[in-house]
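In what follows, a structure is listed as structure tokens, so that the remarks can point back to it.
No lab work stands behind these numbers, since they all come straight from the coordinates. Model, not experiment: these values are computed from the prediction.
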Amino acid sequence: MANNFMKQARNRELQTTNSAARINEALALIRLGQVRHVAQPPAPLRRGGEIVDLPRICAVHDKPYAARYVSGADGRFHYAQTIKVTEALYLEQYADNRGQVWTLQDRELGEEFCPWCGGHGRGSVCCGTCGKEICYGKSVGRYFRCRDSCGGEGTMVPQGRTHTGVKPGPLTKNGFST
């Protein structure tokens, strides 16, 4: 048994020595300028890549935006960015896409940032007065204030819920699909 232990220890020592030698060789080549650094493209997603935009409204400026989530290789959606939704963007990407509805679970939401006011928090707050998904821009601690056009306010209560979003349509150039 002691002999077996000694063999395992010797094998680990040889592996460590080999790894150290390879690292030293690679560093020497880099120092001599014999290695070119080639940027590797990101690995393609094995599955996923679906995009879902969740509609939101800024509490401070009362303007719409979308929280964009992208499905990853693990099949779950992950927060990617927020997008200011202007009239032109709405007409181009969302107006004709009403049938492309997706549902995300609360656990899939990430820390979102409002592109209009900079407010941030996990997902959004569903206002109990107007029923819209609102950013955290006017919230303090657990106290929520909706946009001025609604006037709703109150203590936030965590709830497990689903979030409905839409898959954005393809970008067009001058009104024609590219």
Counting sequence-distant residues (5 or more places) and residues on other chains, those with an amide H built under 5 Å from that of Phe144 are Gly154, Thr155, Met156
Note on the stretch 51-172: the mean projected area of its alpha-carbon convex hull, in nm², is 7.5
Straight-line reach check, Lys138, cutoff 12 Å on alpha carbons, 8 or more apart in-chain or any other chain, hits among aspartates and glutamates -> Asp62, Asp148, Glu153
Residue separation between Cys126 and Glu111 times 0.36 nm, minus their alpha-carbon distance, gives in nm 3.9 nm
